[in-house]
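A short worksheet on the structure shown next.
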Amino acid sequence: MTITITHRIATILVATSIALAATATPGAAISPKTAIPANPPSSPALSNVIGVAAGAQHTCAVDGAGAATCWGSNASGQLGDGSGADRSLPVPVSGLGGGATAVTAGAGHTCALVTGGGVLCWGLNSSGQVGDGTSITRTTPVSVTGLDSGATAIAAGGGHTCAIVEGGVKCWGKNASGQLGDGSFDDHPAPVT
């Protein structure tokens, strides 16, 4: 008899939970201890993707229409949406419009090659890896000093970035191991040859 009553109570509880879940506001919990998880929102469809880059804890993509989106850690503004909040779904990068042709991601910064060969970067800038001549962290894209046009490719390392410009290479950012290739071990907040 005890088993039958226990079984009936459990059946009623399950049926009640299902009924409540069906009528509750999407995402609302029935109670903290018996919350029925809401379906997470679906990811905005990434389609016509022509490039993707993965940083230490973030990822970015660019599509054929020139839109750039990023997701993951945003502790240093590396997603470029101006918020600083981590995102589990892709969010548009602010200020790029439809002009991105490629993206690259460092440990905590991101850069985009834009139509016409300009380079814009955002995120952690402690070593000048954003390339705007400062060490100010940026949560939205800023132009790389002197690279408004002429770049044809970009690549980021952990704390530095390089671009192919007119057949040569220009790099900026962290240079503790000489990774900028300028014959020094000094960080550079703007491109050097």
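Brief remarks follow.
- Length available on full extension from GLN57 to PHE185: 0.36 nm per residue minus the Cα-Cα distance, which gives 43.4 nm.
- Spin-label pair ILE50/THR115, simplified geometry with 7 Å Cα→Cβ offset, distance in nm: 1.0
- Difference of contour (0.36 nm per residue) and Cα-Cα distance, ALA85 to GLU166: 25.5 nm
- Region 61-117 and region 160-179 have Cα centres separated by 20 Å.
- Residue-span extension gain [ALA65 to SER149] - 0.36 nm each, minus C-alpha spacing: 28.3 nm
No value in this document is a laboratory result; all are computed from the given coordinates. Just so we're clear, the structure is a prediction, and the values are computed from it rather than from any experiment. So basically every Cβ, Gly included, is an ideal-geometry build from the backbone, and we count neighbours across all protein chains shown.
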